[in-house]
Amino acid sequence: QVQLVESGGGLVQAGGSLRLSCAASGRTFSSYAWFREAPGKEREFVLAVVSTNSNTYYTDSVKGRFTISRDNAKNAVYLQMNSLKPEDTAVYYCAARQSSSILTMKIWSTYNYWGQGTQVTVSS
């Protein structure tokens, strides 16, 4: 059975850092991504990594602040968030899929597997 289990969310002051982890079990995937969903807003792509070549893709608002990494041996993916802002407050979801298509990397409906979500709250 495929499972994605996230951990590492919490409350942090603006300018602080958090590291989210996503442990996958059951199989490996071609693409892993992080999405987030703030209250009253649609689910938003944050960043993704392709397992085969380690290429990464970011949304503009997190470039230079967030980093995604992958540990193939552990079948885990991590989201390092630095210089956090109040507008980063959201529930963060780990997602995975078999496709490595760049064209659909940012479309949440193309991901087959999802974690339960972890709350990140950034206070001003």
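The values are calculated or read from the model by the stated rules, or taken from the named source; none is laboratory data. Predicted model only: the values in this text are computed from it and were never measured. Don't worry about glycine lacking a Cβ; one is built from the backbone with ideal geometry, like all the others, and counts go over all protein chains shown. The protein model used for the area step is the full one, side chains on, heavy atoms only, and it has no ligands, DNA or RNA in it. Shrake-Rupley method; radii C 1.70, N 1.55, O 1.52, S 1.80 Å.
The table that follows gives values for the structure above.
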{"read-out": "Residue in the range 43-56 that is modelled with pLDDT of 95 or more and more than 19 Å from Thr118 (Cβ to Cβ) present", "value": "no"}
{"read-out": "Test for Ala24: is it of a type in the set (A, V, I, L, M, F, W, C), modelled with pLDDT of 95 or more and buried (at least 18 other Cβ atoms within 10 Å of the Cβ)", "value": "no"}
{"read-out": "In the range 75-98, the residues that are closer than 14 Å to Tyr32 by Cα and open to solvent by 50 Å² or more (accessible area, probe 1.4 Å)", "value": "Gln98"}
{"read-out": "Considering residues of the range 27-59 that are within 19 Å of Ser109 (Cβ to Cβ) and of a type in the set (Ser, Thr, Tyr) only, the residue most open to solvent (accessible area, probe 1.4 Å)", "value": "Tyr57"}
{"read-out": "Strands (runs of 3 or more DSSP E) completely within the range 45-124 that count 2 or more residues being acidic (Asp, Glu)", "value": "none"}
{"read-out": "Residue that is most open to solvent (accessible area, probe 1.4 Å), among those in the range 60-74 that are over 18 Å from Val5 (Cα atoms) and under 11 Å from the mean Cα position of the chain (by Cα)", "value": "Thr67"}
{"read-out": "Residue check for Ser83: modelled with pLDDT of 95 or more, closer than 19 Å to Trp114 by Cα and among the polar types (S, T, N, Q)", "value": "no"}
{"read-out": "Pairs where the first residue, in the range 50-70, is within 10 Å of Ser31 (Cα to Cα) and among the small types (Gly, Ala, Ser) and the second is surrounded by fewer than 16 Cβ atoms within 10 Å (Cβ to Cβ) and modelled with pLDDT of 90 or more, C-beta under 6 Å, 6+ apart", "value": "Ser51/Ser30"}
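Condition check ((1) more than 26 Å from Gly10 (Cβ to Cβ); (2) without any contact (Cβ under 8 Å) to a residue 24 or more places away in the chain) across all residues:
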site: Gly26; (1), (2): yes, no
site: Glu42; (1), (2): no, yes
site: Val46; (1), (2): no, no
site: Ala76; (1), (2): no, no
site: Asp88; (1), (2): no, no
site: Tyr92; (1), (2): no, no
site: Trp108; (1), (2): no, no
site: Val120; (1), (2): no, no
